[in-house]
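Chemist: Got a structure for you, questions after.
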Amino acid sequence: MYYRLPPFPPPPPLPLALQGWTDQICFYKLGKRPPRMTLADLPGYGFAVANAKDKKFWKIMTRSYLASRMCLSFACVLVDCTRGLCEDDVDLLKFLQSRKVPWHIVMTKADLLSAVELAQSMLVVQEGLDALLGTAQSPQEGPATTFPHISPVSASTGAGVAQFWNTLLG
């Protein structure tokens, strides 16, 4: 005799404060054997809901990892487009620059902003990058119309993901 089990209820959602929270280094191998690339998801940069002790530990762990990776070929810095660059993001970018590691900004949650708001957010981030890199445009050149170091993406809708992968694999 077979019994049909009732469907399992969905797991409860994570508290908003913990969604997307990475507190260890997670590795993802992509492609056939050997993998075409390995992605490492690192904790503790940008906006994170955590106490100062955890953030300090994450920063030490992340910097140690980045400093010891001789084969590190590229870094993607995820920035919440509703928040923009924070001080920790800028510190990380300076660290990567000092190590001569190429990097790219991935602006997440692009679906939460209108097209105009997203463009404004990208412009603010680009201005922060220009200040960091010393590449600010003069007022005569007008506002930037391309963002070579920025890819807006949405995990919810998939918008921008294919273009980002093309940039990454390019």
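The values are calculated or read from the model by the stated rules, or taken from the named source; none is laboratory data. All values derive from a computational prediction rather than experimental measurement. Just the protein is used for accessible areas: all its heavy atoms, side chains included, with ligands, DNA and RNA removed. Shrake-Rupley method; radii C 1.70, N 1.55, O 1.52, S 1.80 Å.
Chemist: Return the inverse of the average 1/r over all pairs of distinct C-alpha atoms in region 61-131, which is the Kirkwood hydrodynamic radius, in Å to one decimal.
Modeler: 13.1 Å
Chemist: In straight Cα distance, which lysines are under 16 Å from Lys94, not counting same-chain residues fewer than 8 positions off?
Modeler: Counting by Cα, and skipping residues close in sequence, Lys94 has these lysines nearby: Lys59.
Chemist: At 1.4 Å probe size, put Arg83, Arg36, Arg69 in order of accessible surface, largest to smallest. Before the final figure, lay out the partial values.
Modeler: Values: Arg83 135, Arg36 170, Arg69 95 Å².
My answer, sorted largest first, is Arg36, Arg83, Arg69.
Chemist: Out of every Cα-Cα pair in region 24-90, what percent are more than 15 Å apart?
Modeler: Above the 15 Å cut-off, region 24-90 has 60 percent of its Cα pairs.
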